[in-house]
Amino acid sequence: MVEHGDIRVVHRGGSKINSREPVVTNDSRFLLCASGERVKVFSTSTEECVHDLRGHTDLVTGVLLRPTNHLQVYSCSVDGTVRLWDFTDGILIKTYDIGYPVYAIYASANHEGVFFIVTPTQSDNRSELFQLVAVHLPQSGDQLVEAQELSAVLSNVSSNPAATGFGRGGEYIASAKGLHLEVYFFKKQKSYRFSLKEDNKKGGKNTLMCIACHPKDDCIATGHEDGKIRLWRNFNHKKEYTYTTLHWHHNAVSSLRFTPEGTNLLSGGLESVLVQWRYNQESERDFLPRLGSAITHIAVSPDGTLFCTSHSDNKITIIQSCVKVSAVIQGLVNGESVRTDLMVDPRSKSLVLNGKPGHLQFYSLQRDKLLYNLDIVQQEYIHELGLQQFEVVKVAFDAPGNWMATVEERKPKAAEPEINLKLWAFDEQTQSFVLNTTVSAPHEAQITSMCFSQAADGQTSMLVSASEDGHFKAWQLPRSACTEGPSWSCDFVGDYRGLAPQCCCFSADGSLLAVSFQEVVTVWSPASWELLTTLSQPPKAIRDLCFGRLGCSKYLMGTTASNLLCCWNLLTCSLEWSTSMDVSLLLSDPLTENMAAFCCQAESTDLFVFKPSEPRPVASLKAVCSGKVTRAVFAPREEMLESCEESSQWLNRSQLYFLTQHMDLMTFTTKAEEDRLAASSKQLFIDDSVAMTPFYLLLGKHRKQENQDSLTRLSAELMPLPRGSLAIKELLQSPAHVLPSTSVLCSMFVESLLVSVADGSEESKHAEEEMESEKEEEDSEGEMESRTPRPEPASPGLQSAESAAPALTKAQLKELRRVKKLDHGWLADLLLS
Amino acid sequence: MASFKPTKIQVYPKLGEKVTQDTLYWKNYKAPVQIKEFGAITSIDFSPVAPHNFAVTAFTRIHIYGPFSQEPVKTLTRFKDTAYCGRFRSDGQLLVAGCEDSVVRLFDVSGKAALRMFRGHTKAVHVTDFTSDRYQILTGSDDYTCRLWDIPNATELNSYREHTDYVRCGVTSKLNRDLFITGSYDHTLKLFDARADKSVMTMDHGQPVESLLLYPSEGLLVSAGGRHVKVWDLLKGGQPLVSMKNHHKTVTCLCLSSNGQRLLSASLDRHVKVYNTTNYKVVHNFDYAASILSLALAPNDESIVAGMTNSILSIKHRKSPEESAEVSGQQRRTPSYRVFVKGKNYAPKQDDYLVSKPVKQHLAKYDKQLRTFNVSNSLDTALATWTRLRKPEITVAVIKELDRRGTLKNALAGRDEQWLARLLNFLIGNLVDPRFAAVLAPAAEMILDVYRRVVGQSPLVDRQLLRLQELLEREIDYQQDLLEVLGMLDTLFASSLPRLEVDLS
């Protein structure tokens, strides 16, 4: 086996940002949210990630602004710590070690030095029981503090952070679990418990989903599984409590939130509609519909201007006062399953996979940012449970990225599946794909595989789709352009003994097409649609087919269901070699000869990288991840790596990304690459301190210029002052009767002016130099020295009569030359007379 | 926040006729002028000289109409019985007509009384024509004979008794004064030469010949009889060239467009078909209200005149170029001048702030209702009469959308008898359409599910259901037949394929 010491499997982007409620800072400029093991700080106006607070070693389960200091934030994690951060600078201030996994954190301004966390009742085993615990913060200057003072407040609470909330002024805390609502009053040290019946008459479920307490009033709002919202009042009595019911949602209410003033109640659920109820006038509602996907959390900024909703498709929407969506922070959409293979868009080099329902997402791997979502289905999405929706199941790109083919599928109950094949042309102008052809029902049954011909000339790209109905079809752009632009049409329908084709693959030059029919591989010539040969390696069906690239293009690789990896030589039409391994996924690197095979062995996956020409792996990695890997892709690198180690050479041209069973996007990196990344991670801090207002636009630019100019101006303005001002000051400040006659002063004054102009230009030149170098200071000092005699011009005429003094500076020489040119006739006259 | 995505209306490839130059040309006529005559119009003939009046023979009269008048400029009424075949001489001065009373009359176009009466036939004369030298008249009669008459003397020059049935059509050559062709109900066409005593050529049409037409070059002859229109090559000794069977009733009249490129045939099936004379394909089709007996085209195709059995004369005039342009201009409503001028000369200043207004999304009514989840109303909208009849694809698309949303059952349920009958009517009309079947079949099943309990309560709905059942049974039989044919074809193809050599070694 080959050494793989320095190749590591790492998470690559796309962690969830919708797992917990986002937090908006007091000034509404930043949005904090838990994202995997980190807390991310986003700017609410630019949607950029400003800081990445790293430190936790496990999933972050809660983010909370510190009630006493609005520039600090608590975060809690399953790793058993609560950390205090300064989010404006991204600095970890303190770490409180709790010792138990923390699932939620609450705090109130009225409980100073205490925060409340939800931990499992038994810390050792992962039990289903959770308790609410108050933690008294020890006053200590250390950075790592162990918080030992724990006192249980409520037992048996829900681990869902939305199910617990502080009441008015922190007087009570309310928690919901199952069918029970429990309210604990801190003053009385007493808790009340209210229960609902299992089922009401209409069969809706009464289970409590979420809770929100009115900030100014004694009122608790609870959301239920049947879509009802109950407003509880008078709950400080066991018996005399009352509640009113609001009903708009038709599915479970997943989040409830009161606005800071308590005038409105916001609710959201699966319908992806944000509903705003007027408090005490519940018949009046406002709606913000079509937010994209189900709302999981709602957050309101402390000043009430911004609402944030996080959605099930890993998205946070920022809404300005329930009217307008102002920003959308979108992460990589991780659905329950990625039906399409992982693809790389040849143009943007972005990863393409299923996104929102009916969409494809283009995700930039380099920038870890979603580029855009492309609406494939182009139908109104109905948010309803149990409804059969169209799903994008297959995507293919042609080699230059001019065409994209998608297959969408919908399987209604007890009816034929609906299949649409769509072909999209790349539009240079909009830099996006535009629908060109829709083929409804291209096949009678599910499409199993689809690929574009890899022909380099690009003109005649061909698409082959194989279906379970026993046919494979070739689609082509007809050469004669029709009146309404070219559209794709079926060119050939092929079958083989009525068997269902499983996979299809074009050779690197596009001259051969391999289609597997169960255990038989048929090789066709796309030029004439002739069946050239059949290859077979019984006894089990072919699972995957792949042509070799570049130097290995004469080889065809295939994997069978009987755990066999076969390599056929197409020149001799015979089996070159085969080996027994349970390959779950076989794929080839488009830039090199390498092929990667993911093998599933004993609950974990191994990776083998090999060249088809020899049955010896180039590199192998054991236990890459647990579970089966079914989706992976080679993405070309932006710049080639220069690794000379044999084991990591296969990563030089392209990078291998794969999806684990839990839909985490992973990749392989080498140590050298990591070091390089770490070095370049001193990223530019985005200065977002000034809001973009019209005044900023006017003044900010001005100020910036001022900053730049300040140095130059300092020297340009201050330096001439002593010289210019001395003479002028003298002139202006001395009383008129002391001054000599005007005729004497005039020439002096005029001359001083003239000199100052010449000096000014000189001066500014030096000032520019000052910006660049520092030793220039000496020069200016020298300048100062040379200048000193000038403010006291005794009599220029006399000086000029003398011969040039030794060690004249340039400026002096210049001045001398200029003075020489002056008409001194009047002086001669004066002397003579 | 995405906007509402409207229901996608499936676009189906258009299978109807394409717009060609011919359709544009032949559609460029005004609405017809209709004139009621006294009886069935058996013949229409245009005067060869300007202003191209035309003689319409109907019942016992011949009316001569001017090119644009709707009143006859002249009426010839001196017939004892039904008149037939009023024809102008090539100078447009004389007109000849046969009559049921076997007398052929020659009229001066400006006079009233007959100039000459040719007696000799024993039965009704249906065919009259001038020869190209303008001094002789050809007649054909129900007494199986055709005769040549001298105009100045009013004497019979020759009589040909070769036909064995009524002679109902005939033409004289425009190039040769001695040649003429007659067609008879004995299925034959005969070419006569006045210099010989017998016919020089005989062609068998196969059906009673109703109409004859000579090409301007006179190399080709077109005959119409029964449902067939046949073209004969006279220069090759009467060899049949083409046989066309595009009408489903007897073809009664033939005429040629002014440039000789298009042939028109009129039939009792109320259609006029236009053929291309190079490939003899139908390029256009006119419909009329009643069976057409006679058809004529004015020089330069300025008007199409058709006479029908219900004694209506239909005259269609060609639109003048400016008129056709004007009509299309009128259809578009033109906004007032001010609308165009407003704001046109405004030059934006530097510090103008451009207010961008969100573009309002226009939605169809059913989409608006779908947006607010008014499923029943949207189905009502989609089933409105105009949509249902003219754009069934919209109705089907809405039904499909409702099915996708899982609310089709709700939309279908709880309807009254009238509505249900309307929906069933729509289903009966479109269920077997292969474009819609995939959507409508589940919908039909759903209707049966929903209304199973109340079947038998309304005779109207029951009748529709029975019709639907009948339709489906017929469709199933039809499909079965098709599959059988497919199977037969498969065996044929399989046996015709060359057997691949199996290499046993």
Output the relative contact order of chain B, whole-number percent, from Cα pairs under 8 angstrom with separation of 6+ residues.
9
Dividing the convex hull volume of the Cα atoms of segment B:244-363 by its residue count, what figure in Å³ per residue is obtained?
251
Per-residue HN-Hα couplings for segment A:101-114, Karplus 6.51 cos²θ - 1.76 cosθ + 1.60 at θ = phi - 60°, whole Hz, x for Gly and Pro?
x, 10, 10, 7, 9, 9, 8, 9, 5, 7, 10, 7, x, 9
What do you get when you divide the Cα radius of gyration of segment B:75-140 by 2.2 N^0.38 Å, with N the number of residues?
0.99
Per-residue ellipticity at 222 nm attributable to helices in the protein assembly as shown (runs of n ≥ 4 DSSP H, -39500 (n - 2.57) apiece, nearest 500 deg cm²/dmol) works out to -5500 deg cm²/dmol
Pairs of alpha carbons in segment A:371-456 whose separation is greater than 18 Å (percent)
49
When A:LYS16, B:LYS80 are arranged by how many other beta-carbons sit within 10 Å of their Cβ, fewest first, they go B:LYS80, A:LYS16
Can you run phi through the Karplus equation (6.51, -1.76, 1.60; θ = phi - 60°) for segment A:162-174 and list ³J(HN,Hα) in whole Hz, with x for Gly and Pro?
6, 8, 9, x, 7, x, 3, x, x, 6, 9, 10, 10
At q = 0.16, 0.25 Å⁻¹, what base-10 log of I(q)/I(0) does the Debye formula yield for segment B:117-197 when every alpha carbon is treated as an equal point scatterer in vacuo?
-0.50, -1.25
Can you tell me the relative contact order of segment A:325-482? Whole percent, Cα pairs under 8 Å, sequence separation 6 or more.
13
At 25 °C and 0.890 mPa s, what whole-number value in µm²/s does Stokes-Einstein give for the translational diffusion of the protein assembly as shown, with Rh from the Kirkwood sum over Cα pairs?
58
Built amide H within the under 5 Å cut-off of A:SER255, gap 5+:
A:GLY268
14 Å beta-carbon shell around A:VAL157, net charge (K/R +1, D/E -1):
0
Stokes-Einstein D for segment B:153-258 at 25 °C, 0.890 mPa s, Kirkwood Rh over Cα pairs, in µm²/s?
175
A:CYS308 neighbourhood, Cβ < 14 Å, K/R = +1, D/E = -1, net charge +3
Kirkwood Rh and Cα Rg combined as Rg over Rh, evaluated for segment B:41-198:
0.95
With viscosity set to 1.002 mPa s at 20 °C, what whole-number translational diffusion coefficient in µm²/s follows for segment A:295-385 from Stokes-Einstein and a Kirkwood radius over Cα pairs?
147
Which number do you get for Rg(Cα) / (2.2 N^0.38 Å) in segment A:176-260?
1.07
The convex hull of the Cα atoms of chain B, divided by residue count, gives a volume in Å³ per residue of 332
In segment A:577-645, what trypsin sites (Lys or Arg not before Pro) fall in a loop by DSSP, with at most 15 other Cβ atoms inside 10 Å?
none
Average other protein chain Cβ within 10 Å of Cβ, residues A:376-389
3
Find the percent of Cα-Cα distances in segment A:1-103 that exceed 22 Å, and round it to a whole number.
31
Footprinting exposure proxy for B:VAL167, B:VAL355, A:VAL750 (fewest neighbouring C-beta atoms within 10 Å first)
B:VAL355, A:VAL750, B:VAL167
Based on the Cβ-Cβ distance from B:SER336 to B:LEU363, what FRET efficiency comes out when R0 is 41 Å, to the nearest 0.05?
0.90
What ³J(HN,Hα) values, in whole Hz, does the Karplus curve 6.51 cos²θ - 1.76 cosθ + 1.60 give for segment B:146-151 when θ = phi - 60°, with x put for Gly and Pro?
10, 9, 10, 10, 9, 6
Mean separation of Cα contacts under 8 Å, 6 or more apart, over the residue count of segment A:59-183: relative contact order %:
17
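We did not get these values from a lab; they are worked out from the coordinates using the rules stated. The shown structure was predicted, so the numbers you read here are calculated from the model rather than taken from an experiment. In this analysis, Cβ positions are derived from the backbone assuming ideal geometry, glycine residues included, and neighbour counts consider all displayed protein chains.
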